[in-house]
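Notes to accompany the following structure.
What follows is calculated from the coordinates using simple rules that are stated; it is not laboratory data. All values reported here derive from a predicted model rather than from experimental measurement. Because the Cβ atoms are built from the backbone with ideal geometry, glycine has one as well, and the counts that use them run over all protein chains shown.
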């Protein structure tokens, strides 16, 4: 019973470790400006370059007063993540897939929270993909692995909520 709740937390740890290692690599090897861009596929689709985000997704809130940013971008997300973890461990309502999805979301959220607390210059973002003008973006706003974990596992969680799949019941012994 405990394993079904503890094992998915390995994904949380994996998300945090890969996110923080990738950010450390970028900070060490890429200058923080737009002059050093690595075009991975040599076709403009995937760029790696180092930028900092002092706000949240899409740089929302970058114009907020400096005193308000820690409240909105550190304290509020911390409270949400703590509540999510408490609910995760106390509830038996989640399917196995939903537990893994929540663990991925937690890992991504914690990865960015670590940056907000320990990197005063902002969250390290470094992945830029061409978006071909969709939704008005020629390039999608630059992001990192933590953002990817939150989005991918958030979508997975939504899919499982709106399109539930019955989990297989343990095989019952044949009655004679």
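Which angle from 0 to 90°, rounded to the nearest 10, does the C-alpha axis of helix 76-90 make with the longest principal axis of the chain? The two axes meet at around 20 degrees. Using the Cβ-Cβ distance between residue 72 and residue 41 with R0 set to 35 Å, the FRET efficiency from 1/(1 + (r/R0)^6) comes to roughly 0.45. For 52, 99, the sequence from fewest to most other C-beta atoms within 10 Å is 52, 99. Note on residue 83 and residue 138: their simple-model spin labels are 4.1 nm apart, each label 7 Å out from Cα toward Cβ. Footprinting exposure proxy ranking of 105, 127, 114, fewest other C-beta atoms within 10 angstrom first, gives 114, 127, 105. Think of it as helices only: each DSSP H run of n ≥ 4 in the chain is worth -39500 (n - 2.57), and spread over all residues that comes to -15500 deg cm²/dmol at 222 nm. Specify the angular offset, from 0 to 90 degrees and rounded to the nearest 10, of the alpha carbon long axis of helix 145-162 from the longest principal axis of the alpha carbons in the chain. It works out to around 40 degrees.
Ordered by the number of other Cβ atoms lying within 10 Å of each residue's own Cβ, fewest first, 92, 33 fall into the sequence 92, 33. Once both axes come from the Cα atoms, what is the angle between helix 9-29 and the longest principal axis of the chain, in degrees from 0 to 90, rounded to 10? Orientation of helix 9-29: about 10 degrees from the principal axis.
Pop out the Kirkwood hydrodynamic radius of region 2-162 from its pairwise C-alpha distances, inverse of mean 1/r, in Å to one decimal. It works out to 16.9 Å.
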